[in-house]
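The values are calculated or read from the model by the stated rules, or taken from the named source; none is laboratory data. Because the structure is predicted, anything quoted here is derived from the model rather than measured. Note that each Cβ is placed from the backbone with ideal geometry, even for glycine, and that neighbours are counted across all protein chains shown.
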Amino acid sequence: MKKIFILFALLFGSIISYAQDLYLVKLKTKENTANYFSNPLQMLSQRALDRRAKYNIQLDEKDIPISTTRIQQIKNLDLAYIGQTKWLNTIMVEITDPLIVTALTNLSFVESVKTMVRNSSGTPSHKKEPKWIDLNVNKTEFNYGYAAEFINQINLKSLHQAGFMGNGVFVGVIDAGFPNVNTISAFAKLRSENRIFDTYDFVENKKDVYGADNHGTMVLSTMAAEVDGDYVGSAPKATYSLYRSEDNNSETPKELIYWIQAAERADSVGVDVINTSLGYTEFDDSRYNYTYADMDGKTTLISQGAEVGASRGILLVNAAGNEGNNPWKMISAPADVKDVFTIGANTSSKNPASFTSFGPNSANVLKPNVSALGQNIVVYNPTGDLSYSNGTSFASPVTAGAMAVMLQKFPKVSLDILKDNVQKSAHLSVNPSYQLGYGIPDYEKANQELLAINEVFIQNQVKIYPNPFIEILNIQSKNEIKAIEIYNLVGQKLISSSNQKTISTSQLKSGIYLIKVLDNKANVFTEKVIKK
């Protein structure tokens, strides 16, 4: 899967001998930019704008849609229109007549037309092999608590018990389909609480994503499934947007533009995290294949899109790939992007799974970043049954959900600081590897480290007194207090109140507790208090 696009200047005799080729049409500077900048809700939701403001990210031309007039003029030519990306100001088309390349080049708003063919000596193939054949293991019935293995391995349980389960955080999942997510009991709470926010199938251009390949359902379950204590994903209370970009029956460069379109839509509706358990290196038609040298975080089309996505204030989490035992061996795109949080797969004994892809990227950036359980991990199938599965495909969403929990806990902390502290908490932080990166994070350890950072943001804004106390705790805050919660030291919530400046603790015994104060600016303050 490569992408150093070759400019096709059509001269007689330069026609590639294949009947159909994919091209990228790069457009000139966008039109009517001032209108969009003065009315940003035409291109982004308020939630997306709020996320930009939180991270102090300015709007730019990449946010502006490609004009429908330009798109229509291209569609009027004798070609197959595949799709457009506003982030890259580029349109993908399929052309059978080389004269159309000249017609495209002559359009006044077109900057360049480049073929995606990278290896003219390659041969087209039309294989229909399942892409995820190495991920699925025989179905087994389980008893209570099988999700506990991957939750406990990353020490996420205490954050869940403290009430941080991804509430209010929006997660976009880009995958190959989500069959029966709209019906099976594993996602009943997700549906009944109206936490499926947006859906779209970019392969078939429709809203319904509840068909196609099983992969997305299994991926989603590691984050969002919640079955009355039998199984709890890493972010069971987050809000999800589900997008299909992958056609499991074929591997073509069209899927690269579908992914970028899905990421753009996720950005526009205001997601905070995107999980992608997909990766690209080679295609059914080998003329489009990339090499490891192209895994530099900048060359492939999808990696260029991921770079822009990360610059929008979205935490992009991506599976490293399952090529460790295969000739390719290395990570794939867009896991090669520097600012993408790339996830390897480990075993229950914390060793690298044999299949997990190796880093670094070809620019020698350490990849993967961290790892999570990916061998013999329990997931839900579209039948509603539990099964063991293997793959970085599942380590990635476990991590994406955990990061959503951290975003809920630390909404004001920058993504770079958040990722850095999670990496520092991991078991290989002193000596990272090219299979697991910094290793398996300890999210409670990262939480404790980040509390100090969070308190810097709100120092002198919150005062809790007296401490030690007898019965009544008072809270003084520069901002409006939205909630006060008191927990014991194992993370169980004992008392809560809303919109109050005091809290009564008459039902508590003498001892040490944690008090959490949330204000109307989304600041969170946590402190130990002692009851006499």
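Here are the numbers:
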| quantity | calculated |
| --- | --- |
| One residue from Val203, Val209 being free of Cβ contacts under 8 Å to residues at least 40 places away in the same chain, under 29 Å from Met116 (Cα atoms) and either basic (Lys, Arg) or assigned to a loop (DSSP other than H, G, I, E, B) (or both) | Val209 |
| Residue count for region 300-318, restricted to those that are more than 16 Å from Ile174 (Cβ to Cβ) and in a loop (DSSP other than H, G, I, E, B) | 1 |
| Qualifying positions in region 371-391 - aliphatic (A, V, I, L, M) and within 20 Å of the chain's Cα centre (by Cα) | Ala372, Leu373, Ile377, Val379 |
| Flag for Ile260 being in contact with a helix residue (DSSP H, G or I) (Cβ under 6 Å, 6 or more places away or on another chain) and either surrounded by fewer than 24 Cβ atoms within 10 Å (Cβ to Cβ) or over 20 Å from Ile91 (Cβ atoms) (or both) | no |
| Selection from region 470-512 of residues that are crowded, with 16+ Cβ neighbours inside 10 Å, modelled with pLDDT under 85 and in a strand (DSSP E or B) | Ser477, Tyr487 |
| Only one of Thr222, Thr183 that is surrounded by fewer than 21 Cβ atoms within 10 Å (Cβ to Cβ) and among the polar types (S, T, N, Q) | Thr183 |
| Output for region 307-348, where each listed residue is surrounded by fewer than 24 Cβ atoms within 10 Å (Cβ to Cβ), within 17 Å of Leu428 (Cα to Cα) and in contact (Cβ under 8 Å) with a residue 60 or more places away in the chain | Ser348 |
| Identity of the residue in region 204-233, hydroxyl-bearing (Ser, Thr, Tyr) and at pLDDT 95 or above, that ends up farthest from Val398 (Cα to Cα) | Tyr210 |
| Hits in region 319-333 (condition: assigned to a loop (DSSP other than H, G, I, E, B) and more than 16 Å from Thr291 (Cβ to Cβ)) | Ala320, Asn322, Gly324, Asn325 |
| Enumeration of residues in region 334-346 that are touching a strand residue (DSSP E or B) at 6+ places or on another chain (Cβ under 9 Å), under 14 Å from Met295 (Cα atoms) and not small (Gly, Ala, Ser) | Pro334, Asp336, Val337, Asp339, Val340, Thr342 |
| Lone unmet requirement of (1) assigned to a loop (DSSP other than H, G, I, E, B); (2) out of contact with any strand residue (DSSP E or B) (no Cβ under 7 Å at 6 or more places or on another chain); (3) surrounded by 13 or more Cβ atoms within 10 Å (Cβ to Cβ) for Gln73 | (1) |
| Qualifying positions in region 487-523 - out of contact with any His (no Cβ under 9 Å at 6 or more places or on another chain), of a type outside the set (Lys, Arg) and closer than 19 Å to Lys157 by Cβ | Tyr487, Asn488, Leu489, Val490, Gln492, Leu494, Tyr513, Leu514 |
| Residue that is nearest to the chain's Cα centre (by Cα), among those in region 228-256 that are more than 23 Å from Tyr210 (Cβ to Cβ) and crowded, with 24+ Cβ neighbours inside 10 Å | Leu256 |
| Residue match in region 137-149 (condition: modelled with pLDDT of 95 or more and not in a loop (DSSP other than H, G, I, E, B)) | no |
| Members of region 265-296 that are surrounded by fewer than 24 Cβ atoms within 10 Å (Cβ to Cβ) and among the small types (Gly, Ala, Ser) | Ser268, Gly270, Ser286, Ala293 |
| Residue check for Leu278: assigned to a loop (DSSP other than H, G, I, E, B) and within 14 Å of the chain's Cα centre (by Cα) | yes |
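Condition check ((1) modelled with pLDDT of 85 or more; (2) within 22 Å of Gly233 (Cβ to Cβ); (3) touching an Asp or Glu at 6+ places or on another chain (Cβ under 7 Å)) across all residues:
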| site | (1), (2), (3) |
| --- | --- |
| Ala400 | yes, yes, no |
| Phe410 | yes, yes, no |
| Asn431 | yes, no, no |
| Ile440 | yes, yes, no |
| Glu455 | no, no, no |
| Gln461 | no, no, no |
| Pro468 | no, no, no |
